[in-house]
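The values are calculated or read from the model by the stated rules, or taken from the named source; none is laboratory data. Since the structure is predicted, the reported quantities are computational estimates derived from the model, not experimental observations. A quick note on method: Cβ atoms are made from the backbone with ideal geometry, for glycine too, and the neighbour counts reach across all protein chains shown. Quick note on the areas: whole protein, heavy atoms, side chains included, nothing else; ligands and nucleic acids left out. Shrake-Rupley method; radii C 1.70, N 1.55, O 1.52, S 1.80 Å.
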Amino acid sequence: MVKNIATARNDFPILNQQINGEPLTYLDNAATTQKPQVVIDALTHYYETDNANIHRGVYTLAERATEAYEGVRQQVANFINAQTDEVIFTRGTTTSLNWVALGFARQLLQPNDEIIITVMEHHSNLVPWQQVALQTGAKLRYIEIDEHGELDLTQYGELLNPKTKFVAFTHVSNVLGTINPVKQMTKMAHDVGAYVVIDGAQAVGHFSVDMTDLDCDFYAFSGHKVYGPTGIGVLYGKRELLAEMNPVEFGGEMINLVERQTTDFKPAPAKFEAGTMPIAQAIGLGAALDYLTSLGWSAIEEHEQSLVTAAYQQLNKIDGLTIYGPAAGPTRSALITFNLNGVHPHDVATVLDTQGVAVRAGHHCAQPLMQTLGVSATTRASFGLYNNLADVERLIAALVETKEFFQV
Ligand code: PMP
């Protein structure tokens, strides 16, 4: 059934409340999204009717739980246009990226090999590469940004060379909102024989992503940022690379045979999913993906673009407010980071909260980017499919009030 984006807000019970006597204006979707009733119902239904541990049981309930869990794997594969055995369930983007760095890259990297990342990475796609570089003697190189907050592709081209073994970058910056030209960047990396790892945490849920079209080697995202539960994430990897990749965690369920001194592992994806997985959360993720599909990508994208454009235009008119990243348009996703000159971002967020407006303030787990921008922190408003123009108006009104409060 096709649902209407204009009424989607009603599907999210949490939004129907007051905070500090004002309607909740939730603008921290880049940190985590709220859950539609269908996701909450899927979790409840699973625990009320199907709960059992998966794979190992031969009884009906266990078979039902296994079918539901494995059904979501198939669903994720369709959602990102991949093969079912190329989808690994993880705890989230952070785990997915760590598994690639520690289970795949670490065994391939030699001293003086090069890893390229970007200066706009979230720590989740930065620290694992830094650690792997330290452990292997590989060198970590950075793609810089230009004055619009977009990646400098000329400099990227100059960094690439036959020693480049891995290129890892975010699809969408969680600070600048920049949508990176990931397909072009993947092709450039492949031309020098490097593997490509993409952090899709801020992309999935906002527009469709297609693994076959992108041709990247690994892609990571989190369930909780796509209207699904916390505790579940996805790592996509090309089948032949997952066959070479080592698990980082070991335990039950991922083995064919354990002998006293050696173990024979199952093929992917089971090889990576040690122990009891977040079964209910996977099922909740499945419900979230169904929900997104029922709204349709063009409706979601159009709606979020209209919000970010309106917010950008109005924020731009506020005297003494600096916006970071590209202008609203095809290279800006549904979030805007800014600073009100003379007011600490934490103070901005605190005053906004008194108006019921939830935004994030801080370094957004991107300290090297903060250093590049020459700031220690920023305020970020990030939109989701249930936000509307009234939310934008409330953000702007609260910011004007904040300015008056601090007399800047
Ligand atoms: N990468 C980016 C770009 C993010 O925005 C985030 C979440 N803030 C992450 C990675 C980490 O995601 P998670 O905390 O769900 O593992």
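With respect to the conditions (1) in contact with a Gly (Cβ under 6 Å, 6 or more places away or on another chain); (2) at pLDDT 95 or above, Val408 falls short on a single one, namely (2). Applying the condition of being outside any helix (DSSP H, G or I) and either away from the ligand (no atom under 16 Å from the Cβ) or on the phi > 0 side of the Ramachandran plot (or both) to region 168-187 and asking which residue is nearest to the chain's Cα centre (by Cα) yields Gly177. Among the candidates Ala366, Ala310, the residue that is open to solvent by 10 Å² or more (accessible area, probe 1.4 Å) and at pLDDT 95 or above is uniquely Ala310. Just wondering, is there one or more residues in region 242-259 that are open to solvent by 50 Å² or more (accessible area, probe 1.4 Å), assigned by TED's automatic domain parsing to the domain that holds Gly177, in contact (Cβ under 8 Å) with a residue 40 or more places away in the chain and closer than 23 Å to Ala68 by Cα? No, because not a single residue in region 242-259 is open to solvent by 50 Å² or more (accessible area, probe 1.4 Å), assigned by TED's automatic domain parsing to the domain that holds Gly177, in contact (Cβ under 8 Å) with a residue 40 or more places away in the chain and closer than 23 Å to Ala68 by Cα.
Among the residues of region 197-236, those identified as among the hydrophobic types (A, V, I, L, M, F, W, C) and farther than 17 Å from Arg73 by Cα are Val197, Ile198, Ala201, Ala203, Phe207, Leu214, Cys216.
Applying the criterion of at least 1 residues that are among the β-branched types (Val, Ile, Thr) and in contact with a Cys (Cβ under 8 Å, 6 or more places away or on another chain) to the strands (runs of 3 or more DSSP E) found wholly in region 188-244 leaves 195-199.
Of the helices (runs of 4 or more DSSP H) that lie entirely inside region 1-118, those containing 3 or more residues that are open to solvent by less than 50 Å² (accessible area, probe 1.4 Å), under 27 Å from Gly193 (Cβ atoms) and within 16 Å of the ligand (Cβ to nearest atom) span 93-100.
Consider region 210-237. How many of its residues are open to solvent by 10 Å² or more (accessible area, probe 1.4 Å), under 15 Å from the mean Cα position of the chain (by Cα) and β-branched (Val, Ile, Thr)? So the count comes out to 1.
Scanning region 334-359 for residues that are open to solvent by 10 Å² or more (accessible area, probe 1.4 Å) and at positive phi returns a single hit, Gly342. Pairs linking a residue in region 110-122 that is at positive phi to a residue that is part of a strand (DSSP E or B), with Cβ atoms under 7 Å and 6 or more positions apart or on different chains, are Asn112/Lys139. Kindly list the number of the only condition in (1) surrounded by fewer than 19 Cβ atoms within 10 Å (Cβ to Cβ); (2) over 20 Å from the mean Cα position of the chain (by Cα) that fails for Pro269. Failed condition: (1).
Condition first: of a type in the set (Phe, Trp, Tyr), closer than 25 Å to Gly92 by Cβ and open to solvent by less than 10 Å² (accessible area, probe 1.4 Å). Can you find one or more residues in region 372-385 that meet it? Yes, region 372-385 has at least one match.
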